[in-house]
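For reference, the structure discussed in these notes is given below.
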Amino acid sequence: MRFEIMRLDEVDGTTVDSTVVDAASVSRIVQQAAAVGQRLWIRPAETQAS
């Protein structure tokens, strides 16, 4: 499963940037964000129909 992770602005909460990663990478990214106090929004990535 893949997830979209959006980094949020500290002031107004708008999306600053986003990336799509596999499930194995989510934990590492969350730990890095927590270490510096960064706000994230994580949701399942939309899949494209084949």
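Quick one: how many residues across segment 31-50 are assigned to a strand (DSSP E or B) and either more than 12 Å from ARG7 (Cβ to Cβ) or open to solvent by less than 70 Å² (accessible area, probe 1.4 Å) (or both)?
4
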In segment 14-50, what count of residues is obtained for those that are among the small types (Gly, Ala, Ser) and in contact with a strand residue (DSSP E or B) (Cβ under 7 Å, 6 or more places away or on another chain)? 4
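Out of all the residues in segment 13-30, which are part of a helix (DSSP H, G or I) and not basic (Lys, Arg)? First the steps, then the outcome.
As a first pass, look at segment 13-30 and keep what is part of a helix (DSSP H, G or I): 23-30.
Scanning segment 13-30 gives ALA23, ALA24, SER25, VAL26, SER27, ILE29, VAL30.
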Counting only residues that are farther than 16 Å from THR47 by Cβ and exposed (fewer than 11 other Cβ atoms within 10 Å of the Cβ), which one in segment 16-28 is farthest from the chain's Cα centre (by Cα)? ALA24
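The values are calculated or read from the model by the stated rules, or taken from the named source; none is laboratory data. Remember, predicted model here, so these are calculated numbers, not experimental data. Every residue, glycine as well, gets a Cβ built from its backbone with ideal geometry; the counts of neighbours run over all protein chains shown. Only protein heavy atoms, including side chains, enter the accessible area calculation; ligands, DNA and RNA are left aside. Shrake-Rupley method; radii C 1.70, N 1.55, O 1.52, S 1.80 Å.
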